[in-house]
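Remarks on the structure that follows.
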Amino acid sequence: MIKRLLFGVVSVLLSQLGVAAEIIPAQKLNHYWVDASAGLSLSGLSFCNGKLLTVSDKKSQEIYQIVLKGTHARLETYLTLSGLSVPKKDRPRNLWYFLLDLTRPAVAMDFEAISCAGNTFYLLSERYNRIAEVDIQGRGHWLENMWSAKAKAQGYMQGYNLSGVGLQKVGDNFWMVLERDPRALVKLDAKGGVQIFTPPPVAGLNFRGQPENLAGLDYYNGALFTLEPNGHAVCRRVLPSLKAKWCLDYWEHENSSELGYEVSRTGGKGDGLAVGDLGIFIVFDNDNISRIHDPQDRRALLLHLAFPEGVD
């Protein structure tokens, strides 16, 4: 009787707190320095119809493809965008942020994420807090999905340029990432509903004194995968609880002399995430910062990791 009672108490506690996620050292399958990427600050990443697509937060007119051939990777234009006029946006509440925003051209959309469904592509503008829908010819328009007012009212998006940086379409819904201070996952439904979730923390994930943040996002095999750049990790999170089942720690690879960038705190962080049958891919936004190993090289890094063995 006592054993059954104790087992029941433990079961309740575990259901409330969640079982600690396993932190697994990442196994690198390959890495690529992406030719023709210097200066573009590649951000989002997604598999679309078997192609590895990305966007730049410095150049808003194109969707790019990363073409892999053997040990080489090259950036090529996949679609040239048309039809995206400057959308309305929330005025920054802070005067200093408002003045900073005036220094950027209005057509600089600051695309931070890409997702797709069939031959339709979705781009997330961090600057305008809007999602653009783009067809296979590159013609785009802005969706009506709005989340910024509700997020700001709940204490999110209080700083300059702290908006959506990850996007994934799952069925009729969009999942989106709010980067940090505080970080969050946002669910946008087809009827305009907005739900904001704080992702459960992961015991043992080391952010090394940096803010707990999020960047890329993907959906694969029934789970959301989150890129946690200051934790140097990719976590598989279960729906609907968003608890992490496991996390891959790629700190050793990112900070090696071979792959590291010269000033990792301001650039060289993981930004885009694509998860598929071939494994886990991370593109690093180096903000035009040079590599440690070769100071003349300012290309983006694409890291290819294996799924961990022995876990779901």
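Assessment of region 266-285 against the conditions (farther than 30 Å from Asn173 by Cα, at pLDDT 90 or above and either out of contact with any Asp or Glu (no Cβ under 9 Å at 6 or more places or on another chain) or in a loop (DSSP other than H, G, I, E, B) (or both)) yields no matching residue. Looking at this structure, is Pro295 farther than 23 Å from Val67 by Cβ, surrounded by 15 or more Cβ atoms within 10 Å (Cβ to Cβ) and not hydroxyl-bearing (Ser, Thr, Tyr)? So Pro295 fails the test. Kindly indicate whether Val311 is touching a strand residue (DSSP E or B) at 6+ places or on another chain (Cβ under 6 Å) and part of a loop (DSSP other than H, G, I, E, B). Criteria met by Val311. The sole residue among Glu212, Glu228 that is surrounded by 18 or more Cβ atoms within 10 Å (Cβ to Cβ), under 15 Å from the mean Cα position of the chain (by Cα) and at negative phi is Glu228.
The values are calculated or read from the model by the stated rules, or taken from the named source; none is laboratory data. Since the structure is predicted, the reported quantities are computational estimates derived from the model, not experimental observations. Every residue, glycine among them, receives a Cβ derived from its backbone with ideal geometry; neighbour counts consider all protein chains shown.
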